[in-house]
1. Within region 283-298, which residues are surrounded by 20 or more Cβ atoms within 10 Å (Cβ to Cβ) and either more than 25 Å from the chain's Cα centre (by Cα) or β-branched (Val, Ile, Thr) (or both)?
2. Can you find, within region 564-621, the residue that is modelled with the lowest pLDDT among those that are under 22 Å from ARG445 (Cβ atoms) and polar (S, T, N, Q)?
3. Tell me which residues, restricted to region 360-375, are within 30 Å of ALA92 (Cβ to Cβ) and not in a loop (DSSP other than H, G, I, E, B).
4. Here is a list: LYS19, LYS15. Which entry is touching a strand residue (DSSP E or B) at 6+ places or on another chain (Cβ under 7 Å), of a type in the set (Lys, Arg) and either modelled with pLDDT of 95 or more or part of a helix (DSSP H, G or I) (or both)?
5. Are there any pairs, at least 6 apart or on different chains, whose C-beta atoms fall under 7 Å, with the first in region 16-41 and without any contact (Cβ under 8 Å) to a residue 60 or more places away in the chain and the second among the polar types (S, T, N, Q), and if so, which?
6. In region 41-64, what count of residues is obtained for those that are over 23 Å from LYS199 (Cα atoms) and either assigned to a strand (DSSP E or B) or not assigned by TED's automatic domain parsing to the domain that holds CYS162 (or both)?
7. Go through region 212-254 and count every residue that is over 23 Å from the mean Cα position of the chain (by Cα), part of a helix (DSSP H, G or I) and within 23 Å of PHE66 (Cα to Cα).
8. Provide a single number: the residues in region 225-273 that are over 26 Å from CYS323 (Cα atoms) and either in contact with an Asp or Glu (Cβ under 8 Å, 6 or more places away or on another chain) or aliphatic (A, V, I, L, M) (or both).
Amino acid sequence: MVGFDGRVIVVDLEKGSIKRVFADKHHLNLFLGGRGCASFLLYQMVKRGMDPFSADNPLIFGVGPFTGAIWPSSSRFVVVAKSPATEGLGYANAGGFFGPYMRFAGVDFLILKGRANRPVFILVCDGRIEIRSAVDLWGKPVYETEQVLKDEVGGRRVSVACIGPAGERMVRFASIICDEGRVAARAGMGAVMGSKLVKGIVVSGEGRVEPKNPEKFEKVSKEAFSKVVENPILRGYREYGTSIIILPKNDIGDLPTKNHYDGTFRNAHNISAERIHRLLGIVPSSCFSCPIGCGRKVRLKLNGEKVFEGMEYETIASLGSNCGNSDARSIAEMNYMCNDLGLDTISTGVVIAWAMECYEKGLLTKEDTGIELEWGNAEAMKEIIRQIAFRKGFGDILAEGVKRASQKVGRGTERYAMHVKGLEIPMQQPRTVKMFALGHATSNRGADHLYALPTICYPWLREIAKEWLGLSDEELDQLNDLDSWKQKAKAVVFSENLCAVADSLGLCKFPLIESYALPLSTLVKGYNALVGSNLTPIDLLKAGERIVNLERMFNVREGFSKKDDSLPERFLVDPMPSGSSKGSVVELGKMLEEYYKIRGWDPASGVPKDENIRELGLKFD
């Protein structure tokens, strides 16, 4: 039986030593666990100006109090380090079974320090920690690596998180893959892992999470499962996965098309949920303790017909519509390639889309690229993906991410680089959904749809917004007008705080924030029974606010300020060419002003004020 006690394992890769410590209980209470505690550890361990590929940049794996508990969608874990993409705070989040099995093995946080002198993998097995050689695995793709490590360790509950060739070569948007396609994708955490010569981490444990009040927790858990199962939004995800939103987003002009130039893709029906299911023989899949099952397995004929983790919405759009590609099978094949090579599909699609637009405009030529990078050329995309992962040819430039690639090429290509703070923009069209425009700009991770996930702006969540944002009917109308800047700051602040809570507790955002199927009141009852506390919903949201401010403090220390809370010029200047927001641009200044006011940050610099820091308990000096 395992509780959440802040059990920390520190692996010094250079010395080959392993140390067990406990996190300070005061800090566990302040930051909840998971992302919050890992960000605090990073804040303590990283010195200003440190190179993300320095041996001194720690790589921190963390779980939350709910991870591994019998609670809806309680599978999540985080990976935190200084990001090689943004050179600010970086973190990635994934589901599957790795987080729960790490918890069952008796570990809440695993910190990798230093750099090994040869490739290694880390074994965490029921309290036993070992550093083992991975020399024979270095250079191998993800799926093969995962299977070899599972076979070597054996046992019933085994999960592997590993990198592919992209991480080994420190591609700045390399990912960490676990459980055959669950991905800690963003901010280049796979590149940091590769810089440490760590090929993988294997976790195995026979423990189970024991709530402080088991009877009460079981009762509240049943209530939570019932609410999630009955939710109509989540029922749609259960049937089709996140691809179900392709056509609705296209209908309102929110499906990024041709490097975010437009939001309407004329061939969207070819990459719709129904089309993908008919074409690829979909098999549903679920993470640990998840009644939703939004994962999709697809059948692909790659060296014989096999079943692989399928693509979700972000991948379909980034490697599909955003690159002018309407071939669903090719998207599935590229998704497989990215997973096996260890690449973030969002960033991969965005850097390719940038190259394609620059190629179309004559800013890049075949002499630069070696490949005809025309819109929708799936075979060229596959070749570029290989080049990125192995840092060959033009792929070596793209492997630096779209910000650095555009700076290296120059010639005016910087204008078409879709990123915030160095992290490629996900698959929302900011000129159509203004709340995501603000969320991308203010995110401390860089452009990010999951740092805020401000779905509370949608009309079908109007009653939730009325309860938590305290808006009048007129203000709710403004909130529900997705093309208006009004009321979006309040929604983004609330959503950022709640997302920080979910990431820190070890919970998927779909039941809690995407759909609001799980009320905050139910979550708090479950949390109190789980850890033996007596918090209120406001207390949890205050913890989320504290975490967001801490992450802001990390970035401020690294030199970030208001100037970095911006968007590409395309969204601020170029009118939307079609869709429900035709002619619209993002009025970012108005939203930022309101956002800083609500946050209590200095309006001129975007830096948290001293009184805010003190009130949140973040004055560490």
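The values are calculated or read from the model by the stated rules, or taken from the named source; none is laboratory data. This structure is a prediction, so every number in the text was calculated from the model and none was measured. Every residue, glycine among them, receives a Cβ derived from its backbone with ideal geometry; neighbour counts consider all protein chains shown.
1. Residues of region 283-298 that are surrounded by 20 or more Cβ atoms within 10 Å (Cβ to Cβ), as a first pass: 285, 287-290, 292, 294-296, 298.
Result: ILE292, VAL298.
2. ASN612
3. From region 360-375, those within 30 Å of ALA92 (Cβ to Cβ) are 364, 369, 371, 373, 375; that's our starting set.
Result: THR369, single match.
4. On the way: LYS15 fails: touching a strand residue (DSSP E or B) at 6+ places or on another chain (Cβ under 7 Å).
It is LYS19.
5. Every condition considered, no pair remains.
6. 0
7. Matching residues across region 212-254 total 16.
8. Within region 225-273, the subset over 26 Å from CYS323 (Cα atoms) is 225-236, 238-239.
Narrowing the set further to residues that are either in contact with an Asp or Glu (Cβ under 8 Å, 6 or more places away or on another chain) or aliphatic (A, V, I, L, M) (or both) leaves 228-229, 233-234.
Number of matching residues: 4.
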